[in-house]
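The values are calculated or read from the model by the stated rules, or taken from the named source; none is laboratory data. Source: prediction; values computed, not measured. All Cβ positions, even for glycine, are placed from backbone atoms using ideal geometry, and neighbour counts span all protein chains on display. Surface areas here come from the heavy atoms of the whole protein model, side chains and all, with no ligands, DNA or RNA. Shrake-Rupley method; radii C 1.70, N 1.55, O 1.52, S 1.80 Å.
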Amino acid sequence: MSKPFYLTTPIYYVNDRPHIGHTYTTVLADAVARFRRQMGEQVRFLTGTDEHGQKVEKAAAAKGIAPKALADEVVANYTDLFARMGMTHDRFIRTTDADHRETVQARFKQLLETGDIYKSEYEGLYSVSDEAFVTETQAKELQAQGLAHQLVTLKEETYFFRLSKYEKPLLEYYAAHPDFVQPDFRFNEVKRFVEGGLTDLSISRTTINWGIPVPGDEKHVVYVWFDALLNYLTGAEGAWPADLQIVGKDILRFHTIYWPAFLMAMGLPLPKTVLAHGWWLSGNDKMSKSKGNVVRPDTLLKFGNDAIRFFFLRDMQVGYDRDFSFEGFMDRLNADLANGLGNLASRSISMIQRYRNGAVPTATTLDASDAAVDQAGRAVVADFIAKAQGHDFHAALDGLWIYLRSLDAYIVQAEPWKLAKDPANDPKLDAVLCNLYRALRATAPCLASVMPELAQLLWENLGLAGKAADQRLGELAWDAPAASPVAAEPKPLFARIDKDKEMTELESAATPAPEAAPSLDVPAIREVVDADTFFKVDLRVGKILEAERVPKSDKLIKMKVDIGLEQRTIVGGIGKAYEPADLLQKLVVVVANLAPRKLMGIESHGMLLAASDNASKPYLVAPPADAQPGFLVK
Ligand code: ME8
């Protein structure tokens with residue numbers, strides 16, 4: 001049996017929840033996987049998570065848990081999402097999986113033996129956030145972006161991979177394999193970079209614990225990229241070399257320089273194609289938590305998996321960046337799915353119902369406009385297949401939708417409702433209805449890799465049995481007679497989104513909820529005073545030496561308080577909250593320069609600070625135990 005078509009996504013870091021960017025890559029890969037299966041190919045599809053490294057180690061330490069425990073927690077964000085979205089990967093690999101550890105250690109050993117890995121010392125600037133040593137130019141860039149705090153100087157014993165040795169072999173390989181990196185302009189970037197010269201690559205760390213230990217030298221762990229890239233071998237399970245590795249442009253170099261060099265050193269074949277897509281931007285900017293512009297798939301899921309998949313694949317031209325907006329998202333779905341295809345399908349099916357009682361007629365004669373639709377339909381399927389084979393769903397869908405829109409025009413021009421009035425027009429009406437049916441019947445299987453649920457619904461609305469996804473794309477019989485009548489009660493394909501309503505909801509969700517009203521019954525903040533006024537108040541640490549209740553008062557307690565410089569008599573209204581005995585030796589804060597005041601005949605020389613709301617008891621403010629009477633509080 002021939003090797004399956006093997007495709008991979010990057011493995012995602014577990015330091016964050018997935019955003020639409022991560023979701024996009026896996027959706028694209030999933031569409032390719034489904035498409036290939038539909039073409040009759042065996043497919044192996046791998047996705048997963050990258051779990052080692054300093055960031056995870058630090059985040060776990062901050063939470064006071066083990067790194068693996070953190071990874072286990074966060075990985076669910078990915079596995080749950082992908083399950084909810086019905087992704088069809090064959091394995092979800094985690095770099096903490098036991099078989100992966102074995103792969104990494106075995107390959108490390110192999111290259112140590114061949115001399116492609118050697119031990120030496122490295123000193124340089126290291127970016128903590130990128131988990132990589134950086135060049136001076138990169139360091140300057142980070143500094144210019146105000147990210148200098150992410151740079152540290154590291155000097156450590158390290159294992160190097162002899163990357164410099166592969167400079168020439170890589171360039172030769174690139175020259176001989178024009179499809180190795182797509183799109184072309186990205187390939188050029190890679191070539192230019194390698195032509196600029198390659199230096200050996202540090203691939204181990206002694207400063208990190210959370211990683212796969214270097215076999216035989218366990219104070220080192222394997223640096224994340226050597227670890228991470230090898231996941232594609234671990235997960236191949238007989239399917240190596242990969243046919244398609246999909247990555248974002250951010251990690252292009254790792255996949256087109258380091259990775260092929262590692263593979264050459266290991267004596268393994270290189271992936272056929274590395275496809276680098278651009279970024280989803282938000283507000284025309286890179287998504288980042290600190291900018292608060294991250295779009296999560298959860299926000300879009302209520303519109304359905306198919307909606308997200310369609311939007312991603314239709315709107316993003318692979319290779320380029322694209323700005324995400326909710327408005328654009330909803331406009332696209334309304335225009336193409338609710339109006340475009342949805343409307344076309346429901347109109348066509350209901351006309352077949354109305355004029356032919358559900359039985360699909362076969363065209364007997366085609367006039368020029370019918371023949372044009374017929375020919376374009378046959379061509380559009382072939383075109384869709386060719387473009388999807390080149391992973392260009394954007395273009396494939398574009399072509400299909402141009403065709404679908406032309407069918408609207410065809411209906412308007414043919415006016416079937418007029419044709420139906422006179423039996424003399426039957427051949428023309430048959431041709432129109434037949435053409436519409438065939439076009440939709442070919443559309444459903446084309447869409448099965450993009451919108452599996454919607455495609456199936458369309459298939460069933462056409463009265464067809466089985467699965468749209470099981471129809472071999474290359475073997476669709478355009479003019480096969482309809483096996484059965486169209487569905488008597490077709491289901492709507494896509495419900496129109498009420499954009500205004502959604503935008504209002506979204507805006508109110510985006511506006512932070514008003515602060516929960518304080519449950520405390522406390523007065524509002526008092527009027528502003530300047531610092532000078534505040535500093536006029538003399539606050540001192542005091543210690544209560546004596547305390548007794550004031551006769552005939554359940555509230556007042558008379559105390560003798562040591563304030564360092566002198567002892568004071570102070571009367572406080574704290575008798576409901578404290579027993580005099582409990583106050584002895586307590587440290588308190590005294591307002592020491594308050595004008596004396598008589599309470600129940602006793603002169604009070606100061607006041608104790610207490611916290612309270614309007615309803616409950618006062619809580620005496622207590623300085624720490626090692627503060628001394630007389631300390632000024634300021
Ligand atoms: O880089 N638009 O993991 P990661 C589109 N663990 N795609 C985006 C995107 C955006 N705005 N942001 C991220 C890593 N992506 C490494 C990879 S592979 C051996 C190791 C996608 O969690 C895109 O595919 O940062 C990018 O390459 C990937 O997420 C990076 O995910």
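Residue-by-condition table, conditions (1) part of a loop (DSSP other than H, G, I, E, B); (2) under 19 Å from Arg354 (Cα atoms); (3) touching a Pro at 6+ places or on another chain (Cβ under 9 Å):
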site: Asp426; (1), (2), (3): no, yes, yes
site: Asn435; (1), (2), (3): no, yes, no
site: Thr443; (1), (2), (3): no, no, no
site: Leu454; (1), (2), (3): no, no, no
site: Leu457; (1), (2), (3): no, no, yes
site: Gly463; (1), (2), (3): yes, yes, yes
site: Gly466; (1), (2), (3): yes, no, no
Output the qualifying pairs, or none if there are none: Cβ atoms under 8 angstrom, residues six or more apart or on different chains, first residue in the range 304-325 and not assigned by TED's automatic domain parsing to the domain that holds Val247, second residue hydroxyl-bearing (Ser, Thr, Tyr) and outside any helix (DSSP H, G or I).
-> Asp323/Ser282; Phe324/Ser282
Could you tell me which numbered condition Ala261 fails, if it satisfies all but one of (1) outside any helix (DSSP H, G or I); (2) more than 12 Å from the ligand (Cβ to nearest atom); (3) open to solvent by less than 30 Å² (accessible area, probe 1.4 Å)?
-> (1)
In the range 4-25, residues that are at pLDDT below 95 and more than 10 Å from the ligand (Cβ to nearest atom) total 1
Can Val450 be described as within 18 Å of Gly340 (Cβ to Cβ) and not in a helix (DSSP H, G or I)?
-> yes
In the range 424-464, how many are open to solvent by 10 Å² or more (accessible area, probe 1.4 Å), touching a Ser or Thr at 6+ places or on another chain (Cβ under 9 Å) and of a type in the set (Gly, Ala, Ser)?
-> 1
Looking only at residues in the range 271-295 that are crowded, with 20+ Cβ neighbours inside 10 Å and closer than 23 Å to Ala176 by Cα, which one is nearest to the ligand (Cβ to nearest atom)?
-> His277
Look at Lys219 and say whether it is farther than 26 Å from Asp72 by Cα, among the basic types (Lys, Arg) and open to solvent by 30 Å² or more (accessible area, probe 1.4 Å).
-> no
Screening Asp227, Asp250 for residues that are touching an Asp or Glu at 6+ places or on another chain (Cβ under 9 Å), within 11 Å of the ligand (Cβ to nearest atom) and either touching a residue at least 12 places away in the same chain (Cβ under 8 Å) or open to solvent by 10 Å² or more (accessible area, probe 1.4 Å) (or both) leaves only Asp227
Among the candidates Gly267, Gly238, which residue alone is under 23 Å from Lys168 (Cα atoms) and either away from the ligand (no atom under 13 Å from the Cβ) or modelled with pLDDT under 95 (or both)?
-> Gly267
Being part of a helix (DSSP H, G or I), out of contact with any His (no Cβ under 6 Å at 6 or more places or on another chain), hydrophobic (A, V, I, L, M, F, W, C) and surrounded by fewer than 20 Cβ atoms within 10 Å (Cβ to Cβ) narrows Ala29, Ala69, Ala33 down to just Ala69
When the range 38-66 is checked residue by residue, the ones that are crowded, with 18+ Cβ neighbours inside 10 Å, touching a Phe, Trp or Tyr at 6+ places or on another chain (Cβ under 9 Å) and at pLDDT 95 or above are Val43, Arg44, Phe45, Leu46, Thr47, Gly48, Thr49, Asp50, Glu51, His52
Search the range 362-405 for residues being among the polar types (S, T, N, Q) and over 25 Å from Val43 (Cα atoms), and hand back the single one that is least open to solvent (accessible area, probe 1.4 Å).
-> Ser369
Can you tell me which residue among Tyr173, Tyr159 is in the same structural domain as Leu270 (by TED's automatic domain parsing) and assigned to a helix (DSSP H, G or I)?
-> Tyr173
